1. From the list Glu341, Glu267, which residue is open to solvent by 60 Å² or more (accessible area, probe 1.4 Å) and modelled with pLDDT under 75?
2. Regarding region 15-32, can at least one residue be identified that is surrounded by fewer than 18 Cβ atoms within 10 Å (Cβ to Cβ), modelled with pLDDT under 80 and among the aliphatic types (A, V, I, L, M)?
3. Open to solvent by less than 40 Å² (accessible area, probe 1.4 Å), within 22 Å of Gln284 (Cβ to Cβ) and either in contact (Cβ under 8 Å) with a residue 12 or more places away in the chain or in contact with a Leu (Cβ under 8 Å, 6 or more places away or on another chain) (or both): is that true of Glu59 in this structure?
4. Would you tally the residues in region 157-177 being open to solvent by 20 Å² or more (accessible area, probe 1.4 Å), of a type outside the set (Val, Ile, Thr) and under 24 Å from the mean Cα position of the chain (by Cα)?
5. Just wondering, is there one or more residues in region 277-296 that are open to solvent by less than 50 Å² (accessible area, probe 1.4 Å), more than 19 Å from Thr205 (Cβ to Cβ) and touching an Asp or Glu at 6+ places or on another chain (Cβ under 6 Å)?
6. Out of (1) surrounded by 15 or more Cβ atoms within 10 Å (Cβ to Cβ); (2) closer than 30 Å to Trp57 by Cβ, the odd one out for Asp192 is which?
7. Kindly provide the set of residues from region 231-254 that are over 21 Å from Ala304 (Cα atoms) and either under 28 Å from the mean Cα position of the chain (by Cα) or at pLDDT 95 or above (or both), ordered by number.
Amino acid sequence: SARCVREMPAAADFVLNEPVLCMHGSSLFEAKVVEVKLRAGLETLYLVHYIGWKKNWDETVPEQRLRKRTQENLEAKERIAAEIAATKGTKRKVPEPSESSAAPTKPAAHRKKTAADSQVATGGEPAAGSAAAADASGAGSDELERAEMKLIIPQALKIKLVADWEAVTREHKLVPLPSSPSIAQILDEFCDAKGRRSQHERLYTEVRAGIANYFQQALEQALLYRFERKQFEDLVASAEHAGRPLEELFGAEHLLRLLVKLPTYLEATKMEADQRIVLQAKLQELLKFMQKNHAQFFAAKHAAPASDYLEWWDTLETEDPGAKPGVAPAVSEKQVSKAHERDVRPSRR
């Protein structure tokens, strides 16, 4: 049943039980205000229930994510749905705004399990699911379920990515390991920060576990530059760190490399459109969290390795200059070069 912490002031924009449109990711979804949370000196928060979805997907949101359920906003909702469908290459006709459009596109009897019960990570970690993605994104269509996930890398992190690439591949320096904070600590901080302000604490925990699982599997084969190979092998073979999860040894630099590649990895998984949208939103939140705290999360500078390390590198280059012993760069030189020109060098006026 609907709940209210206390009576909403008459001047408030949204009231208890009011039908609204709620912004989630880049889309608007039908919802209803089921609780108003007034906080002294802070902005008002609203617990919303997404129409046609289970109660466990209710979400606490700030006022900025809510829109009045006006004809103009309903038309905007359908416009967004049409744009999403067009970018995914579907011919699906977007229905005219109506009361019936509040219901999920896929009938409940035929809908697959929600994300809390689904699996997205190849290591068996539960996927992120959405309370609110079905009707605006066309959940259920094969085209949308196979659609590519796209993450926007914040400007500050693009610069970090380029600087990391240049330090390792051109200057022959290394990220100091083990990192502090580690990936495990960064992800825990992220879950703590988001879980306190959200009804989806379990969802953040599941996403955190999935990221850690992917990192464990992908690091050695896909996230190391060639120059880092010996550092990795020496670290995991040391008596102090042998057997420890890799998320406890590596930090923000390598986590960022994973997030750049993660959308490609997820393309191989079977994921419904609503799951994909929410997982994308949570990963985008993580990127913003890393951007906000980049000064604390990333190493101040890369370190020059010892002389014996450089001797190993010189020997490797001499014996097989083109070899890539089981590892691949996080980004190609061409990609970094373009990013460098676009994001690091000052633009000409």
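1. Result of the check over Glu341, Glu267: Glu341.
2. Checked against the condition, which is being surrounded by fewer than 18 Cβ atoms within 10 Å (Cβ to Cβ), modelled with pLDDT under 80 and among the aliphatic types (A, V, I, L, M), region 15-32 yields no hits at all.
3. Considered against the rule, which asks whether it is open to solvent by less than 40 Å² (accessible area, probe 1.4 Å), within 22 Å of Gln284 (Cβ to Cβ) and either in contact (Cβ under 8 Å) with a residue 12 or more places away in the chain or in contact with a Leu (Cβ under 8 Å, 6 or more places away or on another chain) (or both), Glu59 comes out as yes.
4. Within region 157-177, residues that are open to solvent by 20 Å² or more (accessible area, probe 1.4 Å), of a type outside the set (Val, Ile, Thr) and under 24 Å from the mean Cα position of the chain (by Cα) number 4.
5. no
6. (1)
7. Across region 231-254, the qualifying residues are Gly243, Arg244, Pro245, Leu246, Glu247, Glu248.
The values are calculated or read from the model by the stated rules, or taken from the named source; none is laboratory data. Here the structure is a predicted model, which means the values were calculated and not measured. A quick note on method: Cβ atoms are made from the backbone with ideal geometry, for glycine too, and the neighbour counts reach across all protein chains shown. These accessible areas exclude ligands, DNA and RNA; they are computed on the full protein's heavy atoms, side chains included. Shrake-Rupley method; radii C 1.70, N 1.55, O 1.52, S 1.80 Å.
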